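Working notes, beginning with the structure itself.
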Amino acid sequence: MQQNKRPDGKKIAIVILLLAAVLFLFRLNVTKSFFHGYFTDARPYENVGADSILGTYDLSNGAYSLEFTPGEEHFAGVVLYLENQPESNTGSLTLQVKDAGGTLVSSAEADLAEVKNEHAYKVQMKGKLRKGETYRLEIAAKDCGTVPSLILVDSAFRMEESIGDSLLIGYAYAKPDFSDSERLLITLFVLGGMLIFVSFLDGSDRKETGKQRIPARVKAEGRQPRAIRGNTPSALRRGGILLILMTALAWNYSFNSLDVNNDSFEAFQADSERLVTQAIEAVREGVPNPSGTGLIKLDTLQGTEGSETDYPTDDDWLDGYHRTDPAIRLRASAYTEQYAVPGNFIRFADGETSQILAVVEDENEDWMTVVLDIDSPLDEERLGSLTGASVLDAEGNPAPEKVAEAYGSQYGLQGKVFQHLANVDLDLLRTWCALAAGGVLLLVALLVCKTCGRLMGMIFYAVFLLSPWVVNFANNLYWVEFTWFLPMAAGLFCLWKLDCRRCRILSYVIVVLTVMIKCLCGYEYITTVMLGVIAFPAAEFFTALAKRDRERAGLLFRTIFLLGVSALLGFAAAICIHAPVKSGGSLTEGIRLIIQEDVLRRTYGADLNAFENLPDFEQYALTASAWETLCKYFHFKTEVITGIGGNLFPLLCLIPLVLLVVDARRKVLEVHEAAWYAVFFLTSVSWFVLAKSHSCVHTHMNFVLWYFGFVQSCFYIILRHLIQRLRGQDPNRSDRAS
């Protein structure tokens, strides 16, 4: 009689884990069951003035009933204030919450012996109340020695949740344990783990026995067959591992979890990102954007939104008010140019209005003087600060609070895309950017593994994970860092599939598109990005020359040339798209403006008279030397990667060079290492030198350019030599992929 097979305990354990993961994801994303705390902004009784108290309600007259609408999810209870409540009181308060149909959804009981007179008492309640729906709260006293009273107040102290009711009450809510961004990334982590577990259910972890069948085509071509299925991870397992690796990058890019010393992460490049967030804000608030550009500044009467305006104070002015004349000083902006005009009115913070008689240009182009039909001198104490002023049109109607001013230096493709996603939370948009960066940088690391060896690929991944500069840029909505490395990925793919003509042609097309996309999102670092396309093929070209492999060197030379042409075509296409937008319709005029206002100001040859209004440090950058600028970037202001101080960067550059020289003298030089070091150095410093004026003043961010391969190549050379010495291997042995 055949015996029944015993169930596979390992598979049962995996199925249980998978079911637990599914349940966890259901609670995390569908029911959103994970929340905590009791958070409220109840108005303290002691802050309520006597004039605001309307009276009390004696609970001996029966239960008090009011309608309210929760303002947030996860209702957690209410805050009550009682009067006529002695310390020795007995009895209790009963609270019941019913929905519109009269069904009880939550209840609680409070012991009056614990409630202090006229003091906040927090009543915790359980029950699922939905944000925005109407509920009825009933409060009653039971078995009281002294029946307390509820306190009634005027509208100044009523909570928004209360619907037309005067009760002094607060509403409390629990907060989710995880933000939307955290839930997304945790979900991806769990899905990655589930894919790995599922891969074990098909038996792919067991080695197959017997002779492996070799396909006839493989035999005919004389190639080695692929490893049998059981000896390699399955596609599901590889997918799960890659998903976890990508999400690990995105998590660090979103929360900077691995570097406590990176204190610039939270507000990094917030001013640049504001060009995107204000474009999103314009869509949300219905502010017209006549230019149609993707990047805008929102201007108000007080100046650009998000920036502080310090009104001038000197011998003639006091906080923007003229000391003797009926005039005020306002920021010169697109808003004041459009609305602070003769015939309109200024409404001051105290409500008084005055008509604008004239607008006078100021010696300082950042300001304008507005002459008013008002008695002088102006009394700031009576009129209030100009930060509270607004504009009325000639008929006395309020003018719009904001106007959109185009940022013409860039086309702003990222802003156009994000404007279509204006209803999505900004933090979630940043997480999507972080995920895109994680995916692209993981792709680069994988392609480096394929073309340069596993060690180099692992170093690329580790540096992308731990570099404070890569981390800082990754989730920024303006910089969209993933667009920087897409062209490099295309160049790596071309090198990987070098012998496939179709793949090379596909790579050329991808380079055109990715460089164009990068330029439409911003021209910053474009020399490094474009050289990044050919960096790996160029290093391979020099290696082929050293090995006197003329056929491969010739193929690589043609490929590099076509990759370079493709990058230039992508750049030119972006210019042709951007130029008409910048000039208002003319391609040639737009190109002229781009060269004059954007290119020359960041590189060489700028007309100093044309930029005389720039700040002093930017004026200096126009004439600074390339050498002086380059030297600045050997003095790191942060760690190179987490755990390695910035003061070690010069040594990190020098040690590989010394090792290469020693290997050359011993005639065991690995040519590809020297090629990587040289090519990636030139790739990184190209922007420092060619965009000298930009780099001279942007030392708060341009250090990121070292991570386009140079830092990685330095680590690789040092680690490879160290590993080989520890293993006692021939220093000429390489781990490069064949």
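Among Pro398, Thr369, Asn423, which residue has its Cα positioned farthest towards the positive end of the charge dipole of segment 297-447, with +1 placed on the Cβ of Lys and Arg, -1 on the Cβ of Asp and Glu, and the dipole taken about the Cα centre?
Result: Asn423, furthest along the dipole toward the positive end.
Find the percent of Cα-Cα distances in segment 259-345 that exceed 22 Å, and round it to a whole number. If you can, show how the numbers build up before the last one.
On the way: 1720 of 3741 pairs.
Percent of Cα pairs beyond 22 Å in segment 259-345: 46.
Give the cysteines in the chain for which no other Cys Cβ lies under 4.7 Å away, or write none if there are none.
Lacking a cysteine Cβ partner under 4.7 Å: Cys144, Cys433, Cys449, Cys452, Cys494, Cys519, Cys521, Cys576, Cys631, Cys653, Cys696, Cys714.
Report the calculated FRET efficiency for Val662 and Arg558 (r = Cβ-Cβ distance, R0 = 35 Å), to the nearest 0.05. All intermediate terms of the calculation are to be shown ahead of the outcome.
Numbers: r = 35 Å, r/R0 = 1.00.
Here the calculated transfer efficiency is 0.50.
Putting +1 on Lys and Arg Cβ atoms and -1 on Asp and Glu Cβ atoms, find which of Ile328, Leu301, Phe265 reaches farthest to the positive end of the dipole of segment 240-370.
Phe265
Under a point spin-label approximation (7 Å from Cα along Cα-to-Cβ), what is the Lys142-Phe189 distance to one decimal in nm?
Those two pseudo-labels are separated by 4.4 nm.
What is the ratio of the Cα radius of gyration of segment 405-547 to 2.2 N^0.38 Å, where N is its residue count, to two decimals?
Values: Rg = 16.4 Å, N = 143, 2.2 N^0.38 = 14.5 Å.
Relative to the 2.2 N^0.38 Å estimate, segment 405-547 comes out at 1.13.
With label points built 7 Å along Cα→Cβ from the Cα atoms of Leu545 and Leu682, find their separation and express it in nm.
Result for the modelled spin labels: 0.8 nm.
Sorting check: for 75-88, 118-131, which peptide has the highest mean count of neighbouring beta carbons within 10 Å, and how do the rest follow? Write down the numbers at each step before the final one.
Working: 75-88: 19.7, 118-131: 15.0.
Packing proxy ranking, top to bottom: 75-88, 118-131.
Could you work out the helix-only [θ] at 222 nm for the chain, with each DSSP H run of four or more residues adding -39,500 (n - 2.57) and the total divided by the number of residues, to the nearest 500 deg cm²/dmol? It would help to have the intermediate numbers written out before the result.
Details: 22 runs with 320 residues, N = 738.
-14000 deg cm²/dmol, from helical runs alone.
Net charge within 14 Å of Gly645 by Cβ-Cβ distance, Lys/Arg positive one each and Asp/Glu negative one each, not counting Gly645 itself? Display every interim value, and only then the final one.
Details: positive: Lys637; negative: Asp259, Glu639.
Residues near Gly645 contribute -1 overall.
About its Cα centre, what dipole magnitude does segment 368-478 give when the only charges are +1 on Lys and Arg Cβ and -1 on Asp and Glu Cβ, stated in debye to the nearest 20? Write down the numbers at each step before the final one.
Details: 6 positive and 11 negative charges, 301 e Å.
Charge dipole, segment 368-478, about its Cα centre: 1440 debye, nearest 20.
So what is Rg over Rh here for segment 467-606, counting just Cα atoms and using Kirkwood for Rh? Don't skip to the answer; put the middle values down first.
Working: Rg = 17.0 Å, Rh = 16.3 Å.
Taking Rh as the inverse mean 1/r over Cα pairs, Rg/Rh reads 1.04.
Explain nothing, just the number: dipole magnitude of segment 38-148 about its Cα centre with +1 on each Lys and Arg Cβ and -1 on each Asp and Glu Cβ, in debye rounded to the nearest 20. Working shown, then result.
Working: 10 positive and 17 negative charges, 86 e Å.
The calculated dipole for segment 38-148 is roughly 420 debye.
With every protein chain kept in place and ligands, DNA and RNA left out, what is the accessible area per residue of segment 262-361? Probe 1.4 Å, answer in Å².
48 Å²
To the nearest 0.05, how large is the calculated FRET efficiency for Lys175 and Arg454 if R₀ is 41 Å and r is the Cβ-Cβ distance?
On the way: r = 44 Å, r/R0 = 1.07.
Efficiency computed from Cβ-Cβ geometry: 0.40.
How high is the relative contact order of the chain, in percent, counting Cα pairs under 8 Å that sit 6 or more residues apart?
On the way: 1274 pairs, mean separation 69.7, N = 738.
For the chain, the relative contact order is 9 percent.
May I ask you to compute the full-extension gain from Val565 to Asn647, defined as 0.36 nm times their residue separation minus their alpha-carbon distance, rounded to one decimal in nm?
Values: separation 82, 0.36 × 82 = 29.52 nm, distance 3.87 nm.
Fully extending the segment from Val565 to Asn647 adds 25.6 nm.
Where does helix 649-665 land angle-wise versus the long Cα axis of the chain, in degrees 0 to 90, nearest 10?
10 degrees
Using only the alpha-carbon atoms, how far is helix 501-521 inclined from the longest principal axis of the chain? Give it as 0 to 90 degrees, nearest 10.
Around 30 degrees separate the two axes.
By how many nm would the segment from Lys126 to Thr90 grow when fully extended, if each residue of separation counts as 0.36 nm and the alpha-carbon distance is taken off?
Details: separation 36, 0.36 × 36 = 12.96 nm, distance 2.43 nm.
Contour length minus the Cα-Cα distance gives 10.5 nm.
Under 5 Å between amide hydrogens, which residues at least 5 positions from Ala332 or on another chain qualify, with H placed 1.01 Å from N in the peptide plane?
Trp367, Met368
Magnitude of the Cβ-charge dipole of the chain, K/R +1 and D/E -1, about the Cα centre, nearest 20 debye?
Details: 68 positive and 84 negative charges, 1762 e Å.
The dipole of the chain has a size of about 8460 debye.
Could you please report the charge total around Thr40, scoring K, R as +1 and D, E as -1 over all other residues with beta-carbon less than 13 angstrom from its beta-carbon? Mind showing how you got there, number by number?
Details: positive: Arg43, Lys122, Lys175; negative: Asp41, Glu72, Glu160, Glu161.
Around Thr40, the surrounding residues sum to -1.
Any chance you could tell me what percent of the C-alpha pair distances in segment 28-106 go past 23 Å? Before the final figure, lay out each step's value.
Details: 1314 of 3081 pairs.
Within segment 28-106, distances greater than 23 Å cover 43 percent of Cα pairs.
Over 10 Å intervals from 0, what percent of Cα-Cα pairs in the chain sits in each interval?
For the chain, the pair-distance distribution reads 2, 10, 16, 18, 17, 15, 11, 7, 3, 1, 0, 0.
Quick one: accessible area per residue over segment 634-738, 1.4 Å probe, rounded to a whole number of Å²?
It amounts to 43 Å² per residue over segment 634-738.
For segment 330-448, what Kirkwood radius comes out of the mean inverse Cα-Cα distance, in Å?
Values: mean 1/r = 0.0550 Å⁻¹.
Here the Kirkwood hydrodynamic radius works out to 18.2 Å.
Among the listed pairs Lys416/Lys497; Lys518/Lys692; Lys450/Lys632; Lys518/Lys637, which have their C-alpha atoms separated by more than 25 angstrom in this model?
Working: Lys416/Lys497 34 Å; Lys518/Lys692 20 Å; Lys450/Lys632 35 Å; Lys518/Lys637 27 Å.
Result: Lys416/Lys497; Lys450/Lys632; Lys518/Lys637 exceed 25 Å.
Once amide H atoms are placed 1.01 Å from N in the peptide plane, what residues at a sequence separation of 5 or more from Glu639, or on another chain, have their amide H within under 5 Å of its amide H?
Correct list: Gly646.
Determine the per residue accessible area of segment 1-122 with all protein chains present and a 1.4 angstrom probe, expressed in square angstrom.
Numbers: 7610 Å² over 122 residues.
That works out to 62 Å² per residue.
May I ask you to compute the full-extension gain from Phe39 to Glu381, defined as 0.36 nm times their residue separation minus their alpha-carbon distance, rounded to one decimal in nm?
Numbers: separation 342, 0.36 × 342 = 123.12 nm, distance 3.79 nm.
Separation in residues times 0.36 nm, less the Cα-Cα distance, equals 119.3 nm.
Take each of the peptides 141-154, 89-102, average the number of other beta-carbon atoms within 10 Å over its residues, and list them starting from the highest.
Details: 141-154: 17.4, 89-102: 15.7.
Final packing ranking: 141-154, 89-102.
When the accessible area of the chain is split by element with a 1.4 Å probe, what percent falls to carbon and sulfur? Before the final figure, lay out the partial values.
On the way: 20500 of 37000 Å².
So the carbon and sulfur contribution to the accessible surface is 55 percent.
Rg and Dmax of segment 1-157 over Cα atoms: what are they, in angstrom?
Using the Cα atoms of segment 1-157, the pair Rg, Dmax is 23.6, 94 Å.
Once the Cβ-Cβ distance between Glu285 and Leu722 is put in as r, and R0 is 60 Å, what FRET efficiency do you end up with, to the nearest 0.05?
Details: r = 57 Å, r/R0 = 0.96.
Efficiency, from the Cβ-Cβ distance: 0.55.
For the chain, find the longest principal axis of its Cα atoms and tell me its angle to the long axis of helix 550-583, 0 to 90°, nearest 10.
The two axes meet at around 30 degrees.
The values are calculated or read from the model by the stated rules, or taken from the named source; none is laboratory data. Bear in mind the structure is a predicted one, so any value in this text is a computation, not a measurement. Don't worry about glycine lacking a Cβ; one is built from the backbone with ideal geometry, like all the others, and counts go over all protein chains shown. The protein model used for the area step is the full one, side chains on, heavy atoms only, and it has no ligands, DNA or RNA in it. Shrake-Rupley method; radii C 1.70, N 1.55, O 1.52, S 1.80 Å.
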